[in-house]
Amino acid sequence: MTKIEFLYFEGCPSYKKALDYLKEIIDEEKLDANIELVLVESPEDAQKVGFQGSPSIKVNGVDLENNNDGFSFNCRLYDIDGELTGIPSKEFIRKKILKQEKVKKSLDSIL
């Protein structure tokens, strides 16, 4: 099973749409995945979980943009094809999740 962490804070205007996209992708791709919602409520929480801004998605512990350094208790901007956006596109999320799924299956077959 794929572990997906969805990290956000309540004041973020982008997290609901990103979460909808994530749920749609899991359904459309028929992924065996579990979404863990992680509400980040303070800069201290952000530091503890390595929060990169809201919304953030980790697949099997890996951030969608492989940004695992430091932390940020702010709204997040994604660089998608040279454009900055607060909501990662559905296709961006799908591509990154499927890539991690492929990596996981490769590792599982080795182990």
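Here, each number is a calculation from the coordinates, and none is a lab measurement. What you see is a predicted model; the values in this text were computed from it and never measured. Every residue, glycine as well, gets a Cβ built from its backbone with ideal geometry; the counts of neighbours run over all protein chains shown.
Points worth noting:
- Principal-axis tilt of helix 15-28 within the chain, Cα atoms, nearest 10 degrees: 10
- Put in line by how crowded their Cβ is, counting other Cβ atoms within 10 Å and starting with the fewest, ASP69, ASP63 read ASP69, ASP63.
- For the range 8-111, the set of trypsin sites (Lys or Arg not before Pro) satisfying both a DSSP loop assignment and a count of at most 12 other C-beta atoms within 10 Å is given as LYS30.
- Over the chain, relative contact order from alpha-carbon pairs under 8 Å, at least 6 apart, %: 30
- Between the Cα long axis of helix 90-110 and the first principal axis of the chain there is an angle of about 50°, rounded to the nearest 10.
- By other beta-carbon atoms within 10 Å, ranking VAL62, VAL49 with the fewest at the front produces VAL49, VAL62.
- Exposed loop sites here are GluC sites (Glu not before Pro) assigned a DSSP state other than H, G, I, E or B and surrounded by at most 11 other beta carbons within 10 Å; excluding them, the longest clear run of the chain is 42-111.
- Ellipsoid semi-axes for the chain, based on the Cα gyration tensor and the rule √(5λ), read 22, 16, 13 Å when sorted largest first.
- Going from the fewest other Cβ atoms within 10 Å to the most, the residues LEU37, LEU31, LEU64 appear in the order LEU37, LEU31, LEU64.
- For VAL62, no residue whose modelled amide H falls within less than 5 Å of its own remains once neighbours fewer than 5 places apart on the same chain are excluded.
- Expressed to the nearest 5 percent, the antiparallel share of DSSP beta bridges inside the chain is 55 percent.
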